[in-house]
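S.K.: Provided herewith is a single structure, encoded as structure tokens, for subsequent inquiry.
The values are calculated or read from the model by the stated rules, or taken from the named source; none is laboratory data. Not measured: the values here are computed from a predicted model. Here the Cβ positions follow ideal geometry from the backbone for every residue, glycine too, while neighbour counts run over all protein chains shown. Heads up: the accessible areas ignore ligands, DNA and RNA and are worked out on the full protein's heavy atoms, side chains in. Shrake-Rupley method; radii C 1.70, N 1.55, O 1.52, S 1.80 Å.
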Amino acid sequence: MFVQIKNLKYQYSKSAKAVIDNFSLSIKKGEIVSILGESGSGKSTLLRLLVGLEMPSSGSISINENIIVDRHHFVQPEKRGIGIVFQDYALFPHMTVTKNIKYGLKKMSKMEKQKRVDEMLSLISLTEYQNRYPYELSGGQQQRVALARALAPAPSLLLFDEPFSNLDAHLQIKIRSELREILKHTNTTSIFVTHDQTDAVALADRIILLENGIVGNELLPSELESSNYMLKYRTGLRI
Amino acid sequence: MRLIQQAKQKLNIWVLLSSVFILIILLPTMLVAKHFFAEPNENWLHIKEYLLLDILSNTLVLIILTGVLTTIIGVSLAWVVTAYQFPLRNFLKWALILPLAIPPFIGAYTYQGILDYTGIIQSTLRNAFDIHVDQKYFDIMNIGGAVFIFTMFLFPYMYVITRSFLANQSASIIENARILGGGSVGTFFRIVLPISRTAIIGGVSIIALEVINDYGVVKYFGIQTFITAIFQTWSGMSDLESAFKLAGTLMVVVILLLLFEKFARGRKRYSYSSTKIKPITPKRLTGYKATMATTYCLAVFSFAFMIPFIQLVLWTFMTYEKIVTVEFFALIKNSFFVAAISSILIVIVAVIISNYTRIYQGIYTKVIAKITVLGYSIPGAVIAISVITIFVGLDKYLMSIFSYFQMDPIIVFRTSIVMLITAYVIRFLTVGYNSIEAGFEKIGNSFTEASRSLGVSTVKTFFKVDIPMLKGAIFGGFILVFIDILKELPLTMLLQPFNFFTLATKAFRYANDEMVNEAASASLIIILISGICIFFFHKISEKGSGQ
């Protein structure tokens, strides 16, 4: 398996209950996995643990057979090679689109960097917007730039935190299919966390249900509609 | 193993630098604590028996009366300006902040000059109307006078904090009270005052700390307080031990005040909120009510700014030929130089500490943040005697090294400006830190986290992402610190090198030598620069907060 998460646990020092408890997951190279759960279920904490912004209480994570965290190792976020697209995109407002995308490129000549930026711009169809600042772009365009910025350094794993929550409904539909296409085209292994079933169904190869930090059922997108999760959701019960 | 991992993750350049800075900030307090508990000398026993009670009661009376009056004036003005529309409101809304540009000691000698026998009021009464009034009616050089001066020049702290609170936090509550039929006065006493409690307590504690720290007003008016007593025991009697004991007692008062603030506030905090809550829609006043509102605001503005300002302008015209010489320009240069260097240092230290406290969470970072914020509570005179003791100690150490190598001993620190700048950094770090911390809070952590996830280290992220995005807050912090240092008196008086004067210390020296008119030019420059900075700072920060 390309990504291996084993028995991951995270608990705040003053809290009696773990936010993430005994979480295990394996992901194949190029697979898109959606983690679906209500707010407070531990989705965002899971992403922060993967990217290295929090340290787990126990458990291990390895990518491509390299251990990035376990009892003896802790690789800093900047050295993990994991990209993340934040809910609010976090595009650097003082940099143009080009500079934002170029930001994470290292160990490349100037020409190679520019080539990579051009590739990314054409991938997200925003070549003509390269010299604009983030505030000069629409929500959907900002989302695509955030994706290009995260994809540019070719991360081994790409994470998305509620990627569509800031977009209008009609934009969400358009961007979802675009995004899946781009990720499949670049063969990028990805994890989405979301509370929106439609996002999960439209994007993922596989859906993991998360309840109070614990892995619930694992489903194919086609199975979600008839699952217990949807039944409880429709009847207004918490899963 | 996890502990070692955590330690490895937490040990970095930010924690090291922040810890060093915090140690420097803590040094004065530690030194005061050490001397406070040392064996007392005879002088201290004398002070304790005959002076301490007077000093304490004077200080408390000044704090309480100023606190009450600034609350009445500050809160009422904030309410009137926020809730009502009346002639000149837009001008007065800003103008009422301007008294902050006048350091209270300048206000003190200006009012004394206006009211004394040769001042404009008495000479007009005598020359134009042949009225001779008993001098006692014009005597403000007493506790009542000091309270008047502090109230006039410190109330804007209360006004700014409460106005910001009322404008941002409470629109729906106040509008509901109006809809439910509460009259203006009823709404003010039953709704506005109670909900502004946290803002008022915040304002009172800032004002109390300013009163405690004051040297200029009480010295000029001849009122014995802790600060004048510290000056006297140290400069006059060369008794450092007793000065430290006084400083220690004063720190106890300050700690009690901070505890009172914490207790009175409970879990609530006031804030210059930047959340985009709908501001109160001001109600239009007409007729006599509108006239009363304008008159009230104008009257306070006149006493707290226009009258002393005009008097200073007149005195400047009378004396500028004698005063504005090459030496005067050297004064301006000195003031700008120390204020600029210290402000730059403060901003650098503040940015480093606040970056550390926001990225790395935990008990240690919380302690560091708390200590940084407490720096402003330590009165200038207390910092001054501690800093001088440390630097004299360093000089002694250096001299012993020089003599060991058989070199001519020289005094390096005691006579240099380094001592003064160090003391400024300790005293005003809080001001810079608050501004930069607010800036960091506004931009949040996701940009830094995004940068790190793109493979960029925290140090590089700091320069490429954090600093460019913090430009506004850094500039704001710099301006606030700069004007505070420009106006500063007690610290500068005690630590300025021989023959080195700033605009503030020169103005005070002139006034203290009965040359009030000559003090005007230096004072006017302080007021003009501070006034412009304060005006633009508040205008910009209000614009930024979406009001």
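S.K.: Looking at B:A83, is it touching a Phe, Trp or Tyr at 6+ places or on another chain (Cβ under 8 Å), open to solvent by less than 10 Å² (accessible area, probe 1.4 Å) and touching a residue at least 12 places away in the same chain (Cβ under 8 Å)?
M.R.: Numbers: touching a Phe, Trp or Tyr at 6+ places or on another chain (Cβ under 8 Å): no; open to solvent by less than 10 Å² (accessible area, probe 1.4 Å): yes; touching a residue at least 12 places away in the same chain (Cβ under 8 Å): yes.
Judged against the criteria, B:A83 is not a match.
S.K.: For the range B:1-107, which fully contained helices (runs of 4 or more DSSP H) count at least 1 residues that are within 14 Å of another protein chain (Cβ to nearest Cβ) and not basic (K, R)? Explain how you work it out, then say what you get.
M.R.: Values: elements: B:2-10, B:13-36, B:42-46, B:52-83, B:89-95.
By residue number, B:2-10, B:13-36.
S.K.: What number of residues within the range A:187-204 satisfy the criterion of being within 21 Å of A:S62 (Cα to Cα) and either free of Cβ contacts under 8 Å to residues at least 24 places away in the same chain or in contact with a helix residue (DSSP H, G or I) (Cβ under 8 Å, 6 or more places away or on another chain) (or both)?
M.R.: Applying the first criterion (within 21 Å of A:S62 (Cα to Cα)) to the range A:187-204 yields A:187-193.
Those left that are additionally either free of Cβ contacts under 8 Å to residues at least 24 places away in the same chain or in contact with a helix residue (DSSP H, G or I) (Cβ under 8 Å, 6 or more places away or on another chain) (or both): A:188, A:190-193.
Total meeting the criteria: 5.
For every residue, the table says whether it meets (1) assigned to a loop (DSSP other than H, G, I, E, B); (2) more than 14 Å from chain B (Cβ to nearest Cβ); (3) in contact with a strand residue (DSSP E or B) (Cβ under 9 Å, 6 or more places away or on another chain); (4) open to solvent by 50 Å² or more (accessible area, probe 1.4 Å).
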| site | (1), (2), (3), (4) |
| --- | --- |
| A:P93 | yes, no, no, yes |
| A:M111 | no, yes, no, yes |
| A:D118 | no, yes, no, yes |
| A:G140 | no, yes, no, no |
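S.K.: Condition check: in the same structural domain as A:T198 (by TED's automatic domain parsing), modelled with pLDDT of 90 or more, within 19 Å of A:S190 (Cα to Cα) and in contact with a strand residue (DSSP E or B) (Cβ under 9 Å, 6 or more places away or on another chain). Does A:L36 satisfy that? Break it down into steps so the answer makes sense when it comes.
M.R.: Numbers: in the same structural domain as A:T198 (by TED's automatic domain parsing): yes; modelled with pLDDT of 90 or more: no; within 19 Å of A:S190 (Cα to Cα): yes; in contact with a strand residue (DSSP E or B) (Cβ under 9 Å, 6 or more places away or on another chain): yes.
No.
S.K.: Within the range A:208-228, does at least one residue satisfy the condition of being of a type in the set (G, A, S), touching a Gly at 6+ places or on another chain (Cβ under 9 Å), outside any helix (DSSP H, G or I) and at pLDDT below 85? Quick ask: steps written out before the conclusion?
M.R.: The initial filter retains those residues of the range A:208-228 that are of a type in the set (G, A, S), namely A:213, A:216, A:222, A:226-227.
Those still in the list that are touching a Gly at 6+ places or on another chain (Cβ under 9 Å) too: A:213, A:216.
Then keep just the ones that are outside any helix (DSSP H, G or I); that gives A:213, A:216.
Of the ones still in play, those that are also at pLDDT below 85 are A:213, A:216.
Scanning the range A:208-228, I find at least one residue that is of a type in the set (G, A, S), touching a Gly at 6+ places or on another chain (Cβ under 9 Å), outside any helix (DSSP H, G or I) and at pLDDT below 85, so the answer is yes.
S.K.: Inside the range A:161-178, can you point out the residues that are surrounded by 18 or more Cβ atoms within 10 Å (Cβ to Cβ), out of contact with any Phe, Trp or Tyr (no Cβ under 9 Å at 6 or more places or on another chain) and in a helix (DSSP H, G or I)?
M.R.: none
S.K.: If A:I35 satisfies all but one of (1) within 8 Å of chain B (Cβ to nearest Cβ); (2) within 13 Å of A:V3 (Cβ to Cβ); (3) touching a helix residue (DSSP H, G or I) at 6+ places or on another chain (Cβ under 7 Å), what's the number of the condition it fails?
M.R.: (1)
S.K.: Now for a separate question. Residue check: is B:M515 assigned to a loop (DSSP other than H, G, I, E, B) and open to solvent by 50 Å² or more (accessible area, probe 1.4 Å)? Walk me through it before giving the result.
M.R.: On the way: assigned to a loop (DSSP other than H, G, I, E, B): yes; open to solvent by 50 Å² or more (accessible area, probe 1.4 Å): yes.
Yes; evaluated as a whole, the condition is true for this residue.
S.K.: Here is a follow-up. Scan the range B:230-244 for residues that are in a helix (DSSP H, G or I) and open to solvent by 10 Å² or more (accessible area, probe 1.4 Å) and report the count. Even if it seems obvious, please write down each step before you answer.
M.R.: Residues of the range B:230-244 that are in a helix (DSSP H, G or I), as a first pass: B:230-236, B:240-244.
Remaining after also requiring open to solvent by 10 Å² or more (accessible area, probe 1.4 Å): B:231-232, B:234-236, B:240-241.
Here the count works out to 7.
S.K.: Show the residue pairs that are 6+ apart or on different chains and have beta-carbon atoms under 6 Å apart, the first residue being within the range B:323-338 and part of a helix (DSSP H, G or I), the second being among the β-branched types (V, I, T) and open to solvent by less than 60 Å² (accessible area, probe 1.4 Å).
M.R.: The qualifying pairs are B:N334/B:T502; B:S335/B:T502.
S.K.: Here's a follow-up. Quick one: would you say B:M469 is at the interface with chain A (Cβ under 8 Å from one of its Cβ atoms) and either closer than 24 Å to B:E210 by Cβ or of a type outside the set (D, E, K, R) (or both)?
M.R.: Working: at the interface with chain A (Cβ under 8 Å from one of its Cβ atoms): yes; either closer than 24 Å to B:E210 by Cβ or of a type outside the set (D, E, K, R) (or both): yes.
When the stated conditions are applied, B:M469 passes them.
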